[in-house]
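In what follows, a single structure is set out as structure tokens and then discussed.
The values are calculated or read from the model by the stated rules, or taken from the named source; none is laboratory data. Note that the structure is predicted; figures quoted are calculated from it, not measured. Positions of Cβ are generated from backbone atoms using ideal geometry, with glycine treated the same way; all protein chains shown enter the neighbour counts. Surface areas here come from the heavy atoms of the whole protein model, side chains and all, with no ligands, DNA or RNA. Shrake-Rupley method; radii C 1.70, N 1.55, O 1.52, S 1.80 Å.
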Amino acid sequence: QAQLVESGGGLVQAGGSLRLSCTASERTFGSYTMGWFRQAPGKEREFIGSIRENNDTTYYADFVKGRFTISRDNANEMVYLRMNSLKPEDTAVYYCNAHSDYDDYWGQGTQVTVSS
């Protein structure tokens, strides 16, 4: 089956930065909208942002407030989430998603922990 794999998570001090990566196997997702979600302890999974398949438009949840940026590199079948000015409340498991009108694919997540 098609698979997405996230990487780049870890432990970072508040105010620091991380770049998460998502790569695909089995097939290309160049025609899919790619998105990032996260799930914090005791919380439901929430939408962070997405980028259209043509790379023209991004969408972000309000809580991002300009701190996070999504980009994609279709030639290398990669999508990224750059996170700046991280806060302890950003601590969560971060998931990559590939979406079309017909199906969705998910990665297994990467842990991001932000210390005070």
The chain - percent of accessible surface contributed by carbon and sulfur, probe 1.4 Å: 45
Can you tell me the mean projection area, over all orientations, of the convex hull of the chain's alpha carbons? Units nm², please. 7.0
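Taking the Cβ-Cβ separation of Tyr59 and Ser17 as r and a Förster radius of 30 Å, what is the calculated FRET efficiency to the nearest 0.05?
Efficiency computed from Cβ-Cβ geometry: 0.90.
Can you pull out the chymotrypsin sites (Phe, Trp or Tyr not before Pro) in segment 9-116 that DSSP calls coil and that have at most 14 other Cβ atoms within 10 Å? Walk me through the numbers before you get to the answer.
On the way: sites: Phe29, Tyr32, Trp36, Phe37, Phe47, Tyr59, Tyr60, Phe63, Phe68, Tyr80, Tyr94, Tyr95, Tyr102, Tyr105, Trp106; in loops: Phe29, Tyr32, Tyr102.
Loop-located and lightly packed - Tyr102.
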